[in-house]
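Have a look at the structure below before the remarks.
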Amino acid sequence: MQTESRSQREIVRFEDKIALSRDAAYRFTALAALSARTGRPFTVALSGGSTPAILYRLLAAPPFRDAISWRDVHLFFGDERCVPPDSPDSNFRMASETLLSQIEIPPQKVHRMPGEMADHDTAARQYESDLRAFFHLSAGEYPRFDLILLGMGPDGHCASLFPHKPALQEQQQLVVATEPGLQPFVPRLTLTLPVLNNAANILFLVAGADKAETLARVLEGPLDPEALPSQAVVPANGSLTWLVDKEAARLS
Ligand code: 6PG
């Protein structure tokens, strides 16, 4: 493992995606323990994608599963595809199969996005009002998640913030409906940038050779967040950590 720190971010390189995911599981467990020590619930926004799925499988099994007090965890979602929760494309379904079905978490502490609603804007507003109620937010305030997990697509998107889409500009709403830039081509619900950037901790999980070129542009290229939305994730008062495997980091 090699670590490199720059002004506001840490980039940690791993031999492969299993080592990367194991490190993410340790970080998740440590942050959960930190919240538990302060007597607060641990609030996490989960990501979709194949790399986070490996992390969820690790968290669902010993030793991590038994080291986390799941009763004190609230799981939210950073984005969702607009499909029913039992669809193979659903991020909730992926999280259920890999993690939720294996841990003892009260169902009311799993806050899924209502991807099945026919009116996607209404679905976004409903999730936003759930967030506002849970985090006791006044007008103009954003939730502060203890941890937001993100993957990065080969086009540089994260959550469902795709290049050159209006969702990238959103400053007022916490959750919006958006069109995708990649498969599956179904509309999405996503947390917006001000929410991501208000998190206490952000972990990007990026693995695979198909990400190498984009990762190098995101981490080292000129700033162009319209084209590379992952560059727009810069928490104002939180930590930003990129966990990347050797293949993804080949050009960085
Ligand atoms: C989704 C996501 C998305 C994902 C990236 C990376 O719903 O697809 O939340 O942002 O995390 O596309 O996915 P991979 O890890 O599968 O490349």
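Each reported figure results from applying straightforward, stated rules to the coordinates on display, with no laboratory input. It should be emphasised that the depicted structure is a prediction, and the values quoted were computed from it without experimental measurement. As a convention, Cβ positions derive from the backbone with ideal geometry for all residues, glycine included, and neighbour counts pool all protein chains shown.
Things worth noting here:
- Each 10 Å bin, from zero up to the one with the longest distance, holds this percent of the alpha carbon pairs of the chain: 8, 33, 40, 18, 1.
- Paramagnetic label reach from ARG250 (point 7 Å along Cα→Cβ; backbone nitrogen cut-off under 14 Å): within the range 196-236, residues 207-216.
- Sorting 25-38, 177-190, 145-158, 196-209 by their mean Cβ neighbour count within 10 Å, with the most densely packed peptide first, gives 145-158, 196-209, 177-190, 25-38.
- Theoretical FRET efficiency, 1/(1+(r/R0)^6), r = Cβ-Cβ of VAL234 and LEU34, R0 25 Å, to 0.05: 0.65
- DSSP-defined beta bridges in the chain - what % are antiparallel, rounded to 5: 35
- Taking Lys and Arg as +1 and Asp and Glu as -1, the other residues whose beta-carbon sits under 13 Å from that of GLY151 total -2.
- For HIS111 and GLN169, the FRET efficiency from 1/(1 + (r/R0)^6), where r spans their Cβ atoms and R0 equals 25 Å, is about 0.50.
- Near-label residues of the range 43-63 by backbone N, under 18 Å of a point 7 Å along Cα→Cβ of ASP72: 43-45
- Under the Karplus curve 6.51 cos²θ - 1.76 cosθ + 1.60, θ = phi - 60°, whole-Hz ³J(HN,Hα) for the range 247-252, x wherever Gly or Pro sits: 5, 5, 8, 4, 9, 9
- Cβ-defined net charge surrounding LEU31, 14 Å radius [Lys, Arg +1; Asp, Glu -1]: +1
- Value of [θ]222 nm, deg cm²/dmol, for the chain, DSSP H segments ≥ 4, -39500 (n - 2.57) each, nearest 500: -8500 deg cm²/dmol
- What separates the Cα centres of the range 150-200 and the range 125-143 is a distance of 18 Å.
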